[in-house]
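Could you have a look at this structure, given as structure tokens, before my questions?
Rule-based calculations on the coordinates, nothing more; no lab input. Everything numeric here is computed off the predicted structure, so don't read it as measured data. Please note: Cβ atoms are built from the backbone with ideal geometry, for glycine as well, and neighbour counts cover all protein chains shown.
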Amino acid sequence: MPIIPHKVFYWTCPLPLILFGAFWWYVNQFEGWGQWAAAPMLILPIAFSFLVSSWGVVLIVQERLREQPVTNLVLGTLVGGSVVLLAIVRWLQMEVTQSF
């Protein structure tokens, strides 16, 4: 039975959210400087989210070239990329609040 990239993608797209939730919970177990020391762990799920969303974009382009429906792939890409989108929105929020 061949492994279809779409099925692997559908199974991996919620993993960044799960990892981010687990790492966020772990970082919040600390107080003060401990959170600052443990916070770089959050880079891993953000990077994984970027990879999953990039993979989703590649699959979407491939399916559009074959003129196939891409609704499920778009939803999976949004779920997989939600962590990196959250990081971008938080960064923009900090930039805007610091500029005023």
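If you keep only loop residues by DSSP, which GluC sites (Glu not before Pro) in segment 1-98 have at most 11 other Cβ atoms within 10 Å of their Cβ?
Answer in residue order: Glu31, Glu67.
I'd like the Karplus ³J(HN,Hα) series for segment 66-78: coefficients 6.51, -1.76, 1.60, θ = phi - 60°, whole numbers in Hz, and an x wherever there's a Gly or Pro.
Result, rounded to whole Hz: 8, 6, 9, x, 10, 4, 5, 5, 5, 5, x, 5, 5.
Using a Gaussian network for the chain with springs between C-alpha atoms less than 10 Å apart, which of these wobbles most: Gly34, Gly56, Gly21?
Gly34
Spelling out what I want: for every residue of segment 17-30, take phi, set θ = phi - 60°, compute 6.51 cos²θ - 1.76 cosθ + 1.60 (Karplus), and round to whole Hz; glycine and proline get x.
Values, residue by residue: 5, 5, 5, 4, x, 5, 5, 4, 4, 5, 5, 6, 6, 9 Hz.
For a quick check of your reading of the filter: which chymotrypsin sites (Phe, Trp or Tyr not before Pro) in segment 25-72 sit in a DSSP loop and have no more than 13 other Cβ atoms within 10 Å?
Phe30
Quick check on the exposure proxy: order Leu73, Leu78 from fewest to most C-beta atoms within 10 angstrom.
Numbers: Leu73 23, Leu78 13.
Result, fewest neighbours first: Leu78, Leu73.
Within 10 Å of each candidate Cβ there may be at most 12 other Cβ atoms; applying that plus a DSSP loop requirement, which trypsin sites (Lys or Arg not before Pro) in the chain survive?
On the way: sites: Lys7, Arg64, Arg66, Arg90; in loops: Arg66.
For trypsin sites (Lys or Arg not before Pro) across the chain that sit outside H, G, I, E and B with at most 12 neighbouring Cβ atoms in 10 Å, the list reads Arg66.
Taking the chain as a Gaussian network, Cα atoms linked when under 10 Å apart, which of Pro45, Pro14, Pro69 shows the biggest mean-square fluctuation?
Pro69
Counting only Cα atoms, I'd like the Rg/Rh figure for the chain, Kirkwood definition for Rh.
Checking Rg against Rh, the ratio lands at 1.10.
Expressed in nm to one decimal, what extension gain is obtained for the pair Leu65 and Arg90 from 0.36 nm per residue of sequence separation less their Cα-Cα distance?
Extending this stretch completely gives an extra 5.6 nm.
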